[in-house]
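Working notes, beginning with the structure itself.
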Amino acid sequence: MLKNYLKQAWTLMRQNRLFTGIYVVGTGLSIALVMTLFIILYVKFAPIYPEYNRDRTLVLKPIKRYPKGKPDNWNINGGVAYYVVDQLLQGLPHVEQVAGSMIGFWENYQVSAAGVKPFNVMPRYVNGAFWQVFGFRFLDGKSFTQEDVKARAKVAVLGESLAKRLFATTQGLVGRHFTFNGCDYRVCGVVSDVSNATPETSGDLWVPLLNASEDPEQLDDQGLLGNVFAYLLVDDEENLETVRSEVQDVFRRYSQQDKDYEYDLMGQPDKYWVSTFRQDLERAPDMGELTKTFLYILLALLFIPALNLSGMISSRMDSRIAELGIRKAYGATRRQLLQQVLCENLVLTVLGGLAGLVFSYLIVLTANDWILTLFDKNIYDTSLSTSFTPEMLFNPAVFGCTFAVCIVLNVVSALVPALGALRHPIMESLNMKR
């Protein structure tokens, strides 16, 4: 039966090439916009290099501090103090590692090597646990340790592109020296490049966190305010809410002991996917409004084209009423005829889906320098590589979403015209002009 439906669909496509072309292109453009949205969200939420543990990672970024009893007189920094990562959050149940990270974007950093002129780079300052929370692929050497961080050792892990630019290779670089911001540094490892599509881990090189003069090891008059982002790796996804409550209790107890100030976490720590929407330093994201926005976009991209396609299919069905009447006369049931129409239309929709998937890849690849900033202000430096890797684009989730969109578009656009054509009695259908 299915084979006959496919043969019939192929015959109709050959007989109505103009209709087929318009339908496939129209469907493809609609699906391309939807799939572009899905690809962007997949890159931000799914486990991809080097953020493979997103599903069990909690994120703590800027927090508020205000004098006791005066919540309106708050102040805020770019993140939390190193003390939070190094001591305050250590030893929590269900927490395997607490990573600390600070991006160096407030000044120009330069590197150079023998025979290589100085040029600007984007460093990331990290602690030892950073390498356990995130899964970097090392091409040479290994990461520095927490002991190196505490000793403020002049060591660094280089990205693949930076290593090639400094030393023309990625192998055998352990122990080689280069100059970073006027200081002599030693290479301890080289990792595969990290795309700026993952802004929590991207950078040209990674150096010990305490080497950043902006964030001292001891607390100062800013208290727990600082510039460090904290990432808590939880042992199991089921324990995320438990750890969130424990972290909030830790800060609550600290505020009770502090004679002068209180701290507001604004609902943090966030699950990783929620943290991507925390664009405003002053307040927590309104997930309800964000969900509505994305649903409105999805409905606009799906159902407006579906209405146009439904009109085209309705006109086509008018010319096939006599054919359907003949099939009814020979015993075909209403269900069988409906299955035939939906199957024929699904073939066209799948072709449009494949075209749309190709279109979406072209959109993403040609606009990779700005397209991710549509939904994320956390892309710190758009000059960094925002290339999309094969694991971001070619994965079962994206193909599954494409097929699901095809099914929805097929049912919405073809079901009503098909039901309208099948409601005619047999004699009326047989006497209908072709």
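The values are calculated or read from the model by the stated rules, or taken from the named source; none is laboratory data. What you see is a predicted model; the values in this text were computed from it and never measured. Quick reminder, even Gly has a Cβ in these numbers, built from the backbone with ideal geometry, and neighbours come from all protein chains shown.
Against the condition modelled with pLDDT under 80 and not assigned by TED's automatic domain parsing to the domain that holds residue 31, how does residue 337 come out, does it pass?
Values: modelled with pLDDT under 80: yes; not assigned by TED's automatic domain parsing to the domain that holds residue 31: no.
No.
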Inset, instruction - Say whether the condition of being in contact with an Asp or Glu (Cβ under 6 Å, 6 or more places away or on another chain), closer than 21 Å to residue 233 by Cα and not in a strand (DSSP E or B) is met by at least one residue in region 94-117. - result: yes
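With the structure loaded, tell me whether residue 241 is at pLDDT 90 or above and part of a helix (DSSP H, G or I) or whether it fails that test. Before you say what the answer is, go through the steps one by one.
On the way: at pLDDT 90 or above: yes; part of a helix (DSSP H, G or I): yes.
Taking the combined requirement at face value, the residue satisfies it.
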Legend entry - Test result for residue 293, under 30 Å from residue 145 (Cβ atoms) and of a type outside the set (A, V, I, L, M): no
Inset, instruction - Go over the candidates 154, 150, 164 one by one and state the one that is modelled with pLDDT under 95, among the charged types (D, E, K, R) and surrounded by fewer than 18 Cβ atoms within 10 Å (Cβ to Cβ). - result: 150
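Looking only at residues that are part of a loop (DSSP other than H, G, I, E, B) and in contact (Cβ under 8 Å) with a residue 24 or more places away in the chain in region 118-128, which one is nearest to residue 80 (Cα to Cα)?
Taking region 118-128 as the starting set, the residues that turn out to be part of a loop (DSSP other than H, G, I, E, B) are 122, 127-128.
Narrowing further to those that are in contact (Cβ under 8 Å) with a residue 24 or more places away in the chain: 122, 127.
Numbers: 122: 21, 127: 14 Å.
Result: 127.
Here's the yes/no breakdown for (1) part of a helix (DSSP H, G or I); (2) in contact with a helix residue (DSSP H, G or I) (Cβ under 6 Å, 6 or more places away or on another chain); (3) not assigned by TED's automatic domain parsing to the domain that holds residue 360:
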position: 24; (1), (2), (3): yes, yes, no
position: 29; (1), (2), (3): yes, no, no
position: 32; (1), (2), (3): yes, yes, no
position: 37; (1), (2), (3): yes, no, no
position: 44; (1), (2), (3): yes, no, no
position: 69; (1), (2), (3): no, no, yes
Inset, instruction - State which residue is nearest to residue 120 (Cα to Cα) when the search covers only region 204-226 and only residues that are out of contact with any helix residue (DSSP H, G or I) (no Cβ under 9 Å at 6 or more places or on another chain) and modelled with pLDDT of 90 or more. - result: 207
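Count, please, the residues in region 278-298 that happen to be in a loop (DSSP other than H, G, I, E, B) and in contact (Cβ under 8 Å) with a residue 24 or more places away in the chain. Please lay out each step first, then the result.
At the first step, the residues of region 278-298 found to be in a loop (DSSP other than H, G, I, E, B) are 278-286.
Next cut, in contact (Cβ under 8 Å) with a residue 24 or more places away in the chain only: 278-279, 281-282.
Residues flagged as in a loop (DSSP other than H, G, I, E, B) and in contact (Cβ under 8 Å) with a residue 24 or more places away in the chain within region 278-298 amount to 4.
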